[in-house]
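Report on one structure; see the data block that follows.
The values are calculated or read from the model by the stated rules, or taken from the named source; none is laboratory data. Fair warning: this is a prediction, and the values are worked out from it, not measured in the lab. Glycine also receives a Cβ, built like all others from the backbone with ideal geometry; neighbour counts cover every protein chain displayed.
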Amino acid sequence: MTTSPAASPDMTTRPAKSGPAMRADDLHLTFAATAALRGASLTIEVGEAVALMGPSGSGKSTLLHCLAGILTPDRGDVHFAGRRLAGMSERERSELRLRSMGFVFQNSELIPELTLLENVALPLQLLGTRHRDARTLAVEALAQVGLQDEGERRTGAVSGGQQQRAAVARALVHTPGMVFADEPTGALDTVTGERVLQLLLAACSERAASLLLVTHDHRVAAHADRLLVIRDGVIGAGETA
């Protein structure tokens, strides 16, 4: 039996079982004359679900991109699983994202030409998992989000809620240590959004994955273990959920 790279300890960077999964210290980033981050700092513990709120233009997406190593801050450091992202090459950061991070976006960002099953299997195949094994794991991941009968349908043939549930399966199929969810319920009605959110939280909890949930919705943020608020590129504590 072939073990998928996602499950192999020497192929995936995961945080220790206790302590911070991710830490950002004094992040500053300026675009042209606009300061997007002005000393943002945060710590996310292993297995913790943290909600991040703030008005438009407050730096939420910029911060998420810095934490994921997509953007490099002008000043300050990001550490994931004890590794300093600024000390890694762009190729190393890309590989870290592929192996150890999962992403759920507002509009799912599934590839429309692929079936739901193919979309979910894609991260595993990019990691080198055999086609047959990747499909088996993708089938299991879709079943966990209630889409066991929809895998052969293409993105455009299913509802927005089903697409987002498939996006959750894709984000978690390779067992990442860190999951970023950027407004994952923003394009959904209240009932569907609640279901997707509960699936995301439960799946992260079962896998001891840490979650950063970016949202404008206080009802969504209330499900997190902790709330942070960002304003003008600086993070402050919110109310405990």
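See the values below:
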| read-out | value |
| --- | --- |
| Output for the range 133-157, where each listed residue is loosely packed, with under 15 Cβ neighbours inside 10 Å and either closer than 14 Å to ALA171 by Cβ or of a type in the set (D, E, K, R) (or both) | GLU140, ASP149, GLU152 |
| Residue list for the range 122-132, restricted to those being surrounded by fewer than 21 Cβ atoms within 10 Å (Cβ to Cβ) and of a type outside the set (Gly, Ala, Ser) | LEU122, GLN125, LEU126, LEU127, ARG130, HIS131, ARG132 |
| Filtered residues of the range 176-190 (kept if among the small types (Gly, Ala, Ser) and surrounded by fewer than 21 Cβ atoms within 10 Å (Cβ to Cβ)) | GLY186, ALA187 |
| Residue within the range 128-136 that is polar (S, T, N, Q), more than 20 Å from the chain's Cα centre (by Cα) and assigned to a helix (DSSP H, G or I) present | yes |
| Any chance VAL179 is within 15 Å of SER108 (Cα to Cα) and of a type in the set (A, V, I, L, M, F, W, C) | yes |
| Residue within the range 115-126 that is of a type outside the set (Ser, Thr, Tyr) and within 30 Å of ALA32 (Cα to Cα) present | no |
| Filter pass, GLN164 being part of a helix (DSSP H, G or I), touching a helix residue (DSSP H, G or I) at 6+ places or on another chain (Cβ under 7 Å) and closer than 20 Å to GLY102 by Cβ | yes |
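Every residue, every condition in (1) charged (D, E, K, R); (2) surrounded by fewer than 23 Cβ atoms within 10 Å (Cβ to Cβ); (3) modelled with pLDDT of 90 or more, yes or no:
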residue: SER159; (1), (2), (3): no, yes, yes
residue: ALA166; (1), (2), (3): no, no, yes
residue: HIS174; (1), (2), (3): no, no, yes
residue: THR192; (1), (2), (3): no, yes, no
residue: VAL196; (1), (2), (3): no, no, no
residue: LEU201; (1), (2), (3): no, yes, yes
residue: SER205; (1), (2), (3): no, yes, no
residue: LEU212; (1), (2), (3): no, no, yes
residue: HIS216; (1), (2), (3): no, yes, no
